[in-house]
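Structure record follows, encoded as structure tokens.
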């Protein structure tokens, strides 16, 4: 799933709904491509963590694709770089 623009308090619910729909349809291994994301706030991070919990409840995975240093820095500062598997490209992510 590729997302772009801003993931913030206004748009994060759309991402949460997409993840919920995928899990509801039986997709438990999800790759989210963040390459086109310009801004990510705490609400967006919360949605990603919530999505990870949803797929892990079904022994699934939620991997991220991100090479943007400003976003990677957010994941490192929050400690989420140790929680999520972050790939350099969609092609390197398993199941891509």
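The values are calculated or read from the model by the stated rules, or taken from the named source; none is laboratory data. This is a predicted model, so every value here is computed, not measured. In this analysis, Cβ positions are derived from the backbone assuming ideal geometry, glycine residues included, and neighbour counts consider all displayed protein chains.
Here is how the numbers come out for the structure above:
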item: Residue list for segment 22-46, restricted to those being without any contact (Cβ under 8 Å) to a residue 24 or more places away in the chain and buried (at least 17 other Cβ atoms within 10 Å of the Cβ); result: 22
item: Selection status of residue 19, touching a residue at least 60 places away in the same chain (Cβ under 8 Å), under 15 Å from residue 1 (Cα atoms) and surrounded by 18 or more Cβ atoms within 10 Å (Cβ to Cβ); result: no
item: Every residue from segment 4-16 that is surrounded by fewer than 13 Cβ atoms within 10 Å (Cβ to Cβ) and in contact with a strand residue (DSSP E or B) (Cβ under 8 Å, 6 or more places away or on another chain); result: 4, 5
item: Extreme residue, modelled with the lowest pLDDT, among residues of segment 82-96 that are over 18 Å from residue 26 (Cα atoms) and in a loop (DSSP other than H, G, I, E, B); result: 93
